[in-house]
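The values are calculated or read from the model by the stated rules, or taken from the named source; none is laboratory data. Note that the structure is predicted; figures quoted are calculated from it, not measured. So basically every Cβ, Gly included, is an ideal-geometry build from the backbone, and we count neighbours across all protein chains shown. Ligands, DNA and RNA are excluded from the accessible area calculation, which covers all protein heavy atoms including side chains. Shrake-Rupley method; radii C 1.70, N 1.55, O 1.52, S 1.80 Å.
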Amino acid sequence: MSEPVLDVRRLAHAYPDGHEALRGVDLHVHRGERVALLGPNGAGKTTLVLHLNGILTPTAGSVSVSGLPVGAPHLQEVRRRVGVVFQDPDDQLFMGSVHDDVAFGPANLGLRGEALRARVRRALEQVGMQDYADRPPHHLSYGQRRRVAVATVLAMEPEVLVLDEPSSNLDPASRRELADILRSLDVTVLMVTHDLPYALELCPRAVVLHDGVIAADGATVDLLGDPEQMARHRLELPFGFDPRAALGHRPA
Amino acid sequence: MGAGHGHRLHYHGHSPVHRAPAHLKIATLLAFVLLVVATPHAWVWAFAAYAALLLGVVALSRVPAAYLAKRMVVEVPFVVFAVLVPFVSHGPRTEVLGLSVSEPGLWAAWGLLAKGTIGVLASLTVAATTEPQQLLAGLRRLRLPDQLVQIAGFMLRYLDVVTEELGRMMVAMRSRGCDPRSPRHWPAVGRTLGALFVRSYERGERVHLAMLSRGYDGRMPDLPAPAHREHA
Ligand SMILES: Nc1ncnc2c1ncn2[C@@H]1O[C@H](COP(=O)(O)OP(=O)(O)OP(=O)(O)O)[C@@H](O)[C@H]1O
Ligand SMILES: [Mg+2]
């Protein structure tokens, strides 16, 4: 098999207060996969995400991205390869205009002039926000801000897109539009979510993190269709939702 | 949110004052305010000249007088203070409207009022005619250290976010039967402000993480100014 884009081995992390958030996580994600990362509150999902681009440093174990170990000498390159979209767009959009925010990442990578302009234009087009380039981000609606947040990361042309709860706080239409955008992208995706129908719709594979270890890894439809396993990991489907029936009606 | 797409003090327009380069406006404002402050308060004619010049610029900018007047309320505490000065200072007394007031105090009050009013009006005029982003670019052009400009930029960006957060916290307090205006509840309000501080601090940390995630290395990258990029 090819080299995994994300290769997490026996990853453990204890926060400074001694709390062990991760205790030996093993995860491999291959090129082109879309994987949902599920798990109850406090399972360690966000902690895992922050290791993937070297924001947090492992207490034990290792992470590599397409063969490149995540660590001090190559942090810049790792952060180009792994694009993280944080849960609250207000944390991610800090510049005075949408254009400047999207340009921030590629400019840090050294792009200038026409190359930079082209990157920004393309990223904004991918999320359908090209008409908002000169607006200040804080005057956009929440759904629009989330889309711009995705564009800021796409502009860095990452190999893996990591999203922390991308559908939270979105109205149903924005939620569906974001799904369309994600489906249209040709990148590897790791998506943290509590929105199980969303995981089913977008990600063929699901991984469950529970108490700091990977507790399940397999086809999303099999996991959601297994009530006993679901209950064990504190996962619950919305009332009346039938995963197998839903897949039957999935848009191509 | 406030008028137009700028900040609360900005008044959208296309006058020559609006179009003047931001760094020129800032430098002029600074020089003008220093000059006004340094003028001895006995030179009444000089203050008349400053006021006339300033009103000329305001007229040129076509920002409505009422718009600026409303925002002049920030000066009120100084006015109150200025009015008190003649009553509480020492020195030879004179009679004004049948009241005995201190003469040096009267001059001090006049100086405070004249300088304060001219300074506030001049600053408001610059704020009303300059977009926040231009203001930052202007500060950078004036060679203000990049770190300071970055801080100012973040302040502008997050002012609304933090104000809204405070608004939400106040609503939450009211909904639980606590009136932030009543002194009995001030301790609770104080704790809320403390919580707001902690939240803002934590947001700052999260923003910093988001910046690191996009390759930030302590220096803001040079981005093309809006004028130099084509519109899609
Ligand atoms: N800065 C920190 N210091 C100490 N402990 C922390 C810190 N951040 C998180 N934790 C703890 O680590 C554990 C994992 O937290 P994490 O944020 O990764 O969970 P999560 O799976 O993202 O949860 P959620 O679904 O609620 O977002 C939790 O028990 C949490 O209390
Ligand atoms: Mg989380």
Between chains A and B, the summed loss of accessible surface on complex formation, probed at 1.4 Å and reported to the nearest 100 square angstrom, is 3100
B:Lys25: which aspartates and glutamates have alpha carbons under 13 Å from its alpha carbon, excluding same-chain residues fewer than 8 sequence positions away?
-> B:Glu131
per DSSP, antiparallel bridges as share of beta bridges in the protein assembly as shown, % nearest 5, sits at 60
Across A:Ala118, A:Ala43, A:Ala103, the residue with the highest GNM fluctuation in chain A (Cα network, 10 Å cutoff) is A:Ala118
State the answer as a single residue: which of A:Gly44, B:Leu113, A:Val150 lies farthest towards the positive end of the charge dipole of the protein assembly as shown, with beta carbon charges of +1 for Lys and Arg and -1 for Asp and Glu, about the Cα centre.
-> B:Leu113
With no solvent and one equal point scatterer per Cα, compute the Debye intensity ratio I(q)/I(0) for chain B at 0.07 Å⁻¹ and report its log10, rounded to two decimals.
-> -0.36
Where Rh is the Kirkwood radius over the Cα pairs of the range B:2-135, the temperature 10 °C and the viscosity 1.306 mPa s, what D in µm²/s does Stokes-Einstein return?
-> 97
Among the helices of chain B (complete DSSP H runs), which have Cα atoms covering no less than 27 Å along the helix axis and a Kyte-Doolittle mean of at least 0.5?
-> B:103-129
With all protein chains present, how much of the accessible area of the range B:144-213 (probe radius 1.4 Å) comes from carbon and sulfur, to the nearest whole percent?
-> 68
Using a 10 Å cut-off on Cβ atoms, rank the peptides A:162-168, A:200-206, B:61-67 from the highest mean neighbour count down.
-> A:162-168, A:200-206, B:61-67
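Based on the Cα coordinates of the protein assembly as shown, what is the per residue volume of their convex hull in Å³?
209
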Whole Å is fine, so just give me how far the alpha carbon centre of the range A:171-213 lies from that of the range A:100-125.
-> 26
The range A:6-246, dipole about Cα centre (Lys/Arg Cβ +1, Asp/Glu Cβ -1), debye to the nearest 20 = 520
May I ask for log10 I(q)/I(0) of chain A at q = 0.08, 0.10, 0.17 Å⁻¹, from a Debye sum over the Cα atoms as equal point scatterers with solvent left out?
-> -0.31, -0.49, -1.35
The local net charge around A:Gly128, scoring Lys/Arg +1 and Asp/Glu -1 for residues other than A:Gly128 whose Cβ lies under 10 Å from its Cβ, equals -3
Where does each of A:232-242, A:186-196, A:107-117, A:66-76 land if you order them by average Cβ count within 10 Å, highest first?
-> A:186-196, A:107-117, A:66-76, A:232-242
Would you please state the base-10 log of I(q)/I(0) at q = 0.16, 0.25, 0.28 1/Å for the range B:144-213, with intensities from the Debye formula using one equal scatterer on every alpha carbon?
-> -0.67, -1.11, -1.25
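Using the heavy atoms of the protein chains alone and a 1.4 angstrom probe, what is the accessible area of the range B:55-110 per residue in square angstrom?
67
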How many percent of the accessible area of the range A:6-246 is carbon or sulfur, using a 1.4 Å probe?
-> 49
Phi angles of the range A:154-163, converted by Karplus (6.51 cos²θ - 1.76 cosθ + 1.60, θ = phi - 60°) into ³J(HN,Hα) in whole Hz with x for Gly and Pro, give 4, 4, 8, 6, x, 7, 10, 9, 10, 10
Along the range A:187-197, what does the Karplus equation 6.51 cos²θ - 1.76 cosθ + 1.60 (θ = phi - 60°) give for ³J(HN,Hα), rounded to whole Hz, x for Gly and Pro?
-> 9, 6, 10, 10, 10, 7, 7, 9, 9, 5, x
Descending packing, highest mean Cβ count within 10 Å first, for B:9-22, A:148-161, A:23-36 is A:148-161, A:23-36, B:9-22
Go through the range A:43-87 and flag every residue whose accessible area shrinks by 40 Å² or more with all protein chains in place compared to the isolated chain (probe 1.4 Å).
-> A:Ile55, A:Arg79, A:Phe86
Cα Rg over Rh - the range A:1-89, Kirkwood = 0.94
Note down the net charge around B:Pro64, summing +1 for each Lys or Arg and -1 for each Asp or Glu among other residues with Cβ under 14 Å from its Cβ.
-> +3
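When the helices in the protein assembly as shown are scored as -39500 (n - 2.57) per DSSP H run of 4 or longer and the sum is shared across all residues, what 222 nm value do you end up with, to the nearest 500 deg cm²/dmol? Write out the running numbers ahead of the final one.
Working: 20 runs with 248 residues, N = 484.
Theoretical 222 nm ellipticity from helices: -16000 deg cm²/dmol.
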In nm, the gap between the two label points placed 7 Å beyond Cα toward Cβ at B:Leu53 and B:Arg206 is 4.8
